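I have placed the structure first, in the form of structure tokens, so that the comments after it can refer back to it.
The values are calculated or read from the model by the stated rules, or taken from the named source; none is laboratory data. Everything numeric in this text was worked out from a predicted model, so none of it was measured. We place every Cβ from the backbone using ideal geometry, glycine too, and count neighbours over all the protein chains shown.
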């Protein structure tokens, strides 16, 4: 296969296959580091705090929250949509980029999929909590019951949500685990510790890596990717239907499905960047999650950030163009009403801050990438808050208008506590699972690592004149010929 | 393996490079030796063709399960909502086909992927209870292992196989007693 000599490397440091295994498995065999213990301890503490407030909600009911006369949905649904959105980047990286044959996905897909699963677990908690009587949660399933039987309402997007979220969680989990089996086998064959060996033998499902195993593995991965791609689009579409099928001004818009999907990918990549910038440093995986990987993700953030910006503008335009006074008022109230600050936090974090990623200097500076990714996370949380709370706080009857929304300590406690749950799960994952898909990284080494690519020319070493021709799309025949390996046919 | 199972003698050739292995498989098969199985730490492209395997039928399995999921969803909702107990929700129709699409799609994907992965685990004999027979622990790390059944009764067969291994660049060859029950399934 021919690869351009200036195509960037995805695995650096002249690794052999054995070194790849060693580098990725090291955290599993090593004693937990101080940084890990601190991070894990802190997350577990925050999680415990969150569980306390969840328990209060269970014991005392929804009255613990700051909901009021017109605002019946607030932090809970905001958090739900936020966490579901976070999950989407994992599926995008693992499924859509697999279909598009983007090799850079191999460095980040495992951790991103883990993030998806943990985020969906966090998301699923909120509708359950909001039920008021979570012990009756099974009522949302189409089960025979003693009311006739009175089945669930299949017209309701809330019922579709049940199917969408549970399918999404199940399929993501299955996809993730299918990929993990060969890597668990690698850990199993290396680990010395007796208990560890037993655990990883069970986890690896007896994988031996025969040619037939791999053939089927590739077939299954491809089909799962093909199924997950429309699935991930459908999930956030259905989440947006929760709003779009209602008759609330500000919610009742046909732009919601694509707008939500773009926003989900945007926020998900924000979270992937937050996690990856830290993980590559702490677990010493800079050779596998390279600056190039981070840059690629930054570019996705710019693209989806602009889509989200376009959606904000379109919404405003359509509100005016529709001629509906309620629709117009809802949007003007969003931007200039009593909760104007939340709208402008949203716009500045989601539309303005990612624009900095146009500059290569910023994309390659890990500290700045980390800071901007945090802004993206904040912005996307506020997007959901803006959509939900500002559309509700002034309804059709001015006498019931609430001045603004006041969250209670329980609201904040659950919001922060859920980050504790997420990071606790993620820290456990980093310590016990191969954080990078070992087999997949090895399978792209021949084309994308400097171990095999001795013809690679770093961009700064290409003579200026040649660079111009390359940029013009004319190609650089002399350069290509000079750096080709001898066994390749001359173009 | 709880009870003692009978072991057969295999000729093992270990390679350290995926391209060498691919050429070796082609050459050794070309000479008429029957390769029992090949173990690699990652999917080697073209290996299944070199070994002459036919395409996997798992995509067909996925389609069948997907179709099943689609049918289950439509039949379930039509039965419950249109025939069994008609609930009047805001005067909406009792057979709202467009509103059935989201759940139909989700169940198609759910049952399609679970069915396919279940079949995949079954045909590959993968389950937490299985104790695998690993020829060489490095086969999940950086070694590519080929095994051919030994034929002691045929004169010089074993040594010819070893010679073929060496010639195609194997870094290590040896005889090994293996159960080999679940190879090449």
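List of remarks:
- Residues that are part of a helix (DSSP H, G or I) and surrounded by 19 or more Cβ atoms within 10 Å (Cβ to Cβ) occur at least once in the range A:136-158.
- The set of residues in the range B:46-60 being facing another protein chain (nearest Cβ under 7 Å) and outside any helix (DSSP H, G or I) consists of B:51, B:53, B:56.
- With respect to being closer than 30 Å to residue B:128 by Cβ, in a strand (DSSP E or B) and either within 7 Å of chain A (Cβ to nearest Cβ) or within 23 Å of the chain's Cα centre (by Cα) (or both), residue B:12 fits the description.
- The residue that is nearest to the other protein chains (Cβ to nearest Cβ), among those in the range A:129-144 that are without any contact (Cβ under 8 Å) to a residue 60 or more places away in the chain and touching a helix residue (DSSP H, G or I) at 6+ places or on another chain (Cβ under 8 Å), is A:142.
- Residue check for residue B:73: surrounded by 13 or more Cβ atoms within 10 Å (Cβ to Cβ), more than 30 Å from residue A:172 (Cα to Cα) and either touching a helix residue (DSSP H, G or I) at 6+ places or on another chain (Cβ under 6 Å) or within 13 Å of another protein chain (Cβ to nearest Cβ) (or both): no
- Single residue of A:10, A:51 found to be modelled with pLDDT of 90 or more and surrounded by 13 or more Cβ atoms within 10 Å (Cβ to Cβ): A:51
- Of all residues in the range B:121-178 being within 14 Å of chain A (Cβ to nearest Cβ), without any contact (Cβ under 8 Å) to a residue 60 or more places away in the chain and assigned to a helix (DSSP H, G or I), the one that is nearest to residue A:215 (Cα to Cα): B:121
This table checks each residue for (1) in contact with a strand residue (DSSP E or B) (Cβ under 9 Å, 6 or more places away or on another chain); (2) within 14 Å of another protein chain (Cβ to nearest Cβ); (3) in a helix (DSSP H, G or I); (4) surrounded by fewer than 18 Cβ atoms within 10 Å (Cβ to Cβ).
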site	(1), (2), (3), (4)
A:23	no, yes, yes, no
A:39	no, no, yes, no
A:44	no, no, yes, yes
A:58	no, no, yes, yes
A:71	no, no, no, no
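- Selection from the range B:96-108 of residues that are farther than 18 Å from residue A:240 by Cβ and within 31 Å of the chain's Cα centre (by Cα): B:104, B:107, B:108
- The set of residues from the range B:83-108 being part of a loop (DSSP other than H, G, I, E, B) and within 7 Å of chain A (Cβ to nearest Cβ) comprises B:85, B:87, B:89, B:92, B:96.
- Hey, residue A:232 within 19 Å of residue A:308 (Cβ to Cβ), surrounded by 24 or more Cβ atoms within 10 Å (Cβ to Cβ) and out of contact with any strand residue (DSSP E or B) (no Cβ under 8 Å at 6 or more places or on another chain) or not: yes
- Residue A:190 vs. criteria at the interface with chain B (Cβ under 8 Å from one of its Cβ atoms), modelled with pLDDT under 90 and either farther than 25 Å from residue A:390 by Cβ or part of a helix (DSSP H, G or I) (or both): yes
- Residue check for residue A:202: at the interface with another protein chain (Cβ under 7 Å from one of its Cβ atoms) and part of a helix (DSSP H, G or I): yes
- Selected residue (only one of A:178, A:170 is at the interface with chain B (Cβ under 8 Å from one of its Cβ atoms) and crowded, with 18+ Cβ neighbours inside 10 Å): A:178
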